[in-house]
Amino acid sequence: MSVRELGGSGAKGPEELLKIVIEKYRVSPQSLSKITGLDVNEINDLAQNKVSDVSKTSNIAFDQLIIMLSIGMELVDTNDRVKGIIEVLIQEYEITIETIALYANLSTENILSFFRDYDSIPYNEKYQLAVTSLFLHYLFKRPDHN
């Protein structure tokens, strides 16, 4: 989904969403430049509405990142994020629930239970599952592994 597609539902354009990321969440243009590979001046120009053709600076990956950093973090529940990361590990990397359970020192049944009902496992087990899943995802997504 692009920023422009969201515009039809009353959402803000890319410039406004970028301002939310920079001003509300204090992600600096320098950080965004390192994250996206876009020149910091292009990011500043976009945030200040100095770009007449947004499509020259903004791209689908940038738009999706800005959507997630501005409004997506508030719209997606933390438990849904953990479940989503686990689903990526399973689908994209073919990691089994058993493997995740072993790394997290949890039972496979606890993870399956979490998938059915987020409140079915204690907070400390959710935390262990989240940290383990995030770290595995980080290890697998590293650019030097692709």
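Of note:
- Accessible area (Å², 1.4 Å probe, nearest 10) - MET73: 90
- Scalar couplings 3J(HN,Hα) for segment 113-120, obtained by applying the Karplus form with A = 6.51, B = -1.76, C = 1.60 to θ = phi - 60°, are 5, 4, 5, 7, 8, 4, 8, 7 Hz; x denotes Gly and Pro.
- ASN105-SER28 FRET efficiency (beta carbon distance; Förster radius 30 Å; 0.05 resolution): 0.20
The values are calculated or read from the model by the stated rules, or taken from the named source; none is laboratory data. Model, not experiment: these values are computed from the prediction. A quick note on method: Cβ atoms are made from the backbone with ideal geometry, for glycine too, and the neighbour counts reach across all protein chains shown. To get the accessible areas, we keep the full protein, side chains included, count just its heavy atoms, and leave off ligands, DNA and RNA. Shrake-Rupley method; radii C 1.70, N 1.55, O 1.52, S 1.80 Å.
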